[in-house]
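Laboratory data are not the source of any read-out in this text; all were calculated from the coordinates shown. Note that the structure is a prediction, hence the values are computed from the model and not measured. Neighbour counts run over all protein chains shown; Cβ positions are idealised from the backbone, glycine included.
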Amino acid sequence: MTHAPEVEAEIRRHFFAEHWRVGTIAAQLGVHPDVVRRVVGLDSARRVVPAREVGALVTPYADFIAQTLARYPRLRATRLFDMLKPRGYAGSVRTLREHVARVRPSSPRGAFLRTETFAGEQAQVDWAFVGNREVPGGRRGLWLFVMVLSWSRMLFAECVWDLTAASLRRSLIRAHGFFGGSPRQWLFDNPRTIVLARQGDAARFHPTVVELSSAFCTQARLCTVRAPQEKGRVERAVRYLRDRFLAGRELRDVTQGNRELGEFLRDVAPARPHPRLPDRTVGDAFAEERARLLALPDPMPSHEQITPAVIDRMAFARIDTNLYSVPSSWAERTLMMAADDTRVRLLDGATEVASHARSWGRRQVFEQGAHRAALIAERHAAKDLKGRDRLRAEVPAIDALLERWVSAGRNMGNAVSRSIVALDLYGPEALRAAVAEALARGTEDPGALGLLCEQQRRATKRPVPTPVRFGEHVDDAEVIPHDLGGYDG
């Protein structure tokens, strides 16, 4: 698109005479930045700078600059300035930058090779970031796993909360179940989830990828580093999902996202036109390609990831910042954890010790009631205080009052001590009557027992109990009996 000569003249004046930046000119004149670049010549293969003399200051160093740029084409002008300054260069960075812009070697522009794969030959895999979402205890990133068959362009996608090897395992298994077969090759990018180390064409894949490629009889292959055009089909599939599925849609979580995504993949995505096969849809091409896919293994690999889990001393297993309870008898031992995106199971061999719904919150604690009740019963049996044993023996009904104190959050040590004092002063009969009356009144105050015992003493006109307190040494004193015959009668 061309513009009026007056506009182009203003662009040239602002750029070459006033030295305005491209963005400033575009904003002030209301034109697109590409128009400014075209008019001043910045859209050519080599950047064009104002044709003016840079001064004799750079001329003595022209050969040195040319030789250095021949060896290091991407070297910045500021670094050249630092190199020339000790050699006597007295000009400015701006002058040097203009000279470097004219003489810098252009980057070679290679043509991309368009390739086509056979039906059933290849599937390309990538992820797309959807956004951060609120979860219990914090925030998590929501992602789209995308897998597309290179020949038919049939795609599978699902929402995931993480990009771990376990998540990759689940997504690959579900993708092959969706396609009803396996391609002969997977083409990945180079994330750490896929490849642990790479040197040239030699790569060491993650054990999860090796295991699944063996199960599906598929070859795992990596793109060339910094060559995204090699996986252009999945890149276009990601863009298609952003434009047709994600645009104008708010995904709150994985459950809602996968429900709506499943409807989209079933009803909308297969109906789009195939980019290379005229008058055919992606669904039509997939119907032909499906017969060329490899048969799925029977049985299919499990979605669960099996890892050792060390149970802490409080009988909890940790996975992804969350804690899941097991029976207390397994505390400080090691179990096997089988986890997928919906369930966490703790196993002792083939025996299931505990099972929990998987949570994607952060720092959450999940404790089953049966595990808690067993632990409490065990602690009561092992560490029940002697004072409570004495109270239960003398006043059996006090258990109901003890439960009431626990529910009310009373200090149990203090409450039991005061009850024993009342037992020593007034006797078991008075305390049993006081406990019965306290339960009838619904009181939760441990001091009420002593008051009720005192009221009963006054009603029966019994003498005031006077506690005799001995020193701490009395209990340990030894009394030696001796003959009393020498005393006077």
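Some observations on this one:
- Rounded FRET efficiency, nearest 0.05, which uses the C-beta distance separating LEU29 from VAL103 and R0 of 25 Å: 0.20
- R0 of 51 Å, Cβ-Cβ distance ALA70-THR342: FRET efficiency to nearest 0.05: 0.30
- Here the peptides 333-344, 364-375 are ranked by packing, the mean other Cβ count within 10 Å, and the order with the highest first is 333-344, 364-375.
- Local electrostatic count, HIS274, Cβ distance below 10 Å [Lys/Arg +1, Asp/Glu -1]: +2
- A simple spin-label model places pseudo-atoms 7 Å from Cα toward Cβ; at ARG372 and ASN414 they are separated by 2.5 nm.
- Once C-alpha pairs closer than 8 Å and six or more residues apart are averaged by separation and normalised to the residue number of segment 382-455, the relative contact order reads 35 percent.
- Extension gain (nm, one decimal) between ARG362 and ARG432, 0.36 nm per residue minus Cα-Cα: 20.2 nm
- Ordering of 79-85, 181-187 by burial proxy (mean other Cβ atoms within 10 Å per residue, highest first): 181-187, 79-85
- Those residues of segment 354-372 whose amide nitrogen sits under 16 Å from the label point placed on VAL406, 7 Å along Cα→Cβ: 369-372
- For the chain, the 222 nm mean residue ellipticity estimated from helices alone, with every DSSP H stretch of n ≥ 4 adding -39500 (n - 2.57) and the total spread over all residues, rounds to -11500 deg cm²/dmol.
- The chain: relative contact order as a whole-number percent, Cα under 8 Å and 6+ apart: 9 percent
- Potential extension, ALA459-THR334 segment - 0.36 nm per residue separation minus Cα distance: 38.7 nm
- A simple spin-label model places the labels of ALA227 and ARG441 8.9 nm from each other, with each point 7 Å out along Cα-to-Cβ.
- A simple packing score, the average count of other Cβ atoms within 10 Å per residue, orders the peptides 124-137, 350-363 as 124-137, 350-363, with the highest score first.
- Average silhouette area of the chain, convex hull of alpha-carbon atoms, in square nanometres: 51.5 nm²
- Take the Cα of ARG94, go 7 Å toward its beta carbon, and the backbone nitrogen atoms of segment 1-39 under 19 Å from that spot belong to 12-25.
- A crude spin-label estimate for the pair VAL310 and VAL268, with each label 7 Å from Cα along the Cβ direction, gives 4.8 nm.
- Helix 428-441 vs. the chain, principal-axis angle (Cα, 0 to 90°, nearest 10): 50 degrees
- Efficiency of FRET from Cβ geometry, GLU211 and PHE118, R₀ 25 Å, rounded to 0.05: 0.45
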